[in-house]
Amino acid sequence: MAAASKNTWWLKLSCFLIGWDYRIVKDCSELTKRDAKRYISAIILISLIWFFVGFSFGNHYLGLNGWLSILSGLIAIVAVVQIERQIITSDKTPLLFASRIALALIMAGIGAVMIDQYMFKQDIAMKLEESRKSIVEARVESLNAELDHKLNRLNTDLSKIDQEIQQQQNRFNNEVYGKGKSSGSVGYGSIAKGQESYLKTFATQRQNIRNEISKVYNEKLQTRINAHKEIMDKPSGLLEEFSVMISLITGNLSTGIIYVVFFSFFLIVELMIVITKYGNKRKNDYENIIDFQLEVRFGQLQMMEVENAKKIGREGSIVRSSLLTSKNI
């Protein structure tokens with residue numbers, strides 16, 4: 001009794017998830033019930049994989065907490081179930097088959113990358129550190145080149161100011177000690193005062209330039225520290241880790257083989273529903289019942305059209321209305 005109840009519960013769940021009507025399935029043959037259980041087994045396997053992918057993506061890349069990461073995994077499961085229900089409940093068409101193959105390739109690629117990122121976590125961290133160190137060195141070299149150019153310009157300006165101060169100091173001394181020809185008198189006169197004002201202006205400019213030079217030297221000292229903090233300490237992103245993962249796959253044979261193995265595994269799992277559906281040469285009795293109900297319904301519609309046409313005395317409309325109810329099952 002318990003076993004029968006368990007089978008009934010499992011069949012109800014299977015029908016609910018794959019989109020079949022349990023009221024019809026329960027009276028069908030064991031072949032139909034077996035197909036339902038095969039479909040649900042494949043969906044559960046795919047859902048487990050994509051729960052892990054959704055959880056990992058939310059936790060690692062979106063920075064979600066535990067409960068929100070679980071919600072992210074559940075959302076991935078809902079998406080997968082809806083996709084697979086489209087396959088199960090639709091007719092067999094080349095377009096449907098081709099679109100599911102394309103989607104399976106994409107999903108297998110994403111799943112394999114996520115799994116490999118956990119398997120090769122240490123290798124990715126080492127490769128990422130090497131990559132970032134090279135970026136830091138390039139950033140430091142670029143910034144130092146800009147600062148060196150600025151230092152050269154400031155030193156050139158400082159040399160010019162020193163020359164101007166020296167020349168102005170000589171003029172001032174000549175004026176104060178009677179060697180100047182402008183005033184014609186010895187001492188601290190109006191011209192000497194004007195030259196002294198120029199000297200103070202040049203001295204202020206020289207001090208400003210020296211302050212800028214000191215500031216640039218401090219920036220050079222902080223360049224590596226700031227670049228390290230900006231690049232090395234930031235969290236890794238999806239694209240950055242994906243680039244590192246691609247370089248590992250293409251640059252290391254062992255990593256490439258493992259990726260191909262997982263990719264193939266995910267691809268086969270993703271295609272289990274398609275393989276099950278398209279591998280069956282004949283429809284099961286559930287699908288035949290659905291087709292029969294459709295046939296009956298169209299027959300009823302056609303008979304209603306005929307009866308309506310007779311009542312209003314337009315027998316010729318029967319032929320025309322048959323175009324509306326004709327179909328191909």
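Assorted remarks:
- Applying the condition of being among the β-branched types (Val, Ile, Thr) and within 25 Å of the chain's Cα centre (by Cα) to the stretch 84-142 and asking which residue is most open to solvent (accessible area, probe 1.4 Å) yields 106.
- Members of the stretch 276-294 found to be under 43 Å from the mean Cα position of the chain (by Cα) and of a type in the set (A, V, I, L, M, F, W, C), listed by number: 290
- Selection within the stretch 268-280 - open to solvent by less than 40 Å² (accessible area, probe 1.4 Å) and of a type outside the set (S, T, N, Q): 269, 270, 271, 273, 274, 277
- Single match in 203, 192 (criterion: more than 30 Å from residue 147 (Cβ to Cβ) and either open to solvent by less than 50 Å² (accessible area, probe 1.4 Å) or modelled with pLDDT of 75 or more (or both)): 192
- Counting the residues of the stretch 29-82 that are in contact with a Lys or Arg (Cβ under 9 Å, 6 or more places away or on another chain) and surrounded by fewer than 17 Cβ atoms within 10 Å (Cβ to Cβ) gives 0.
- Some residue of the stretch 72-81 being farther than 24 Å from residue 19 by Cβ and either part of a loop (DSSP other than H, G, I, E, B) or at pLDDT 85 or above (or both): yes
- Look at the stretch 273-292: where a residue is in contact (Cβ under 8 Å) with a residue 24 or more places away in the chain and closer than 12 Å to residue 39 by Cβ and a partner is of a type outside the set (D, E, K, R) and open to solvent by 60 Å² or more (accessible area, probe 1.4 Å), sitting 6+ places away or on another chain with Cβ atoms under 6 Å, you get 284/31.
- In the stretch 96-107, the residues that are under 18 Å from residue 264 (Cα atoms) reach residues that are open to solvent by less than 60 Å² (accessible area, probe 1.4 Å) and not in a helix (DSSP H, G or I) with C-beta atoms within less than 8 angstrom, at least six apart or across chains, in these pairs: 100/271; 101/271; 104/271.
- Each residue in the stretch 245-262 was checked for being touching a residue at least 12 places away in the same chain (Cβ under 8 Å) and open to solvent by less than 50 Å² (accessible area, probe 1.4 Å), and 6 of them qualify.
The values are calculated or read from the model by the stated rules, or taken from the named source; none is laboratory data. Note that the structure is predicted; figures quoted are calculated from it, not measured. Cβ atoms come from the backbone with ideal geometry, glycine included; neighbour counts cover every protein chain shown. Note: accessible area is taken over every heavy atom of the protein model, side chains too, but ligands, DNA and RNA are not part of it. Shrake-Rupley method; radii C 1.70, N 1.55, O 1.52, S 1.80 Å.
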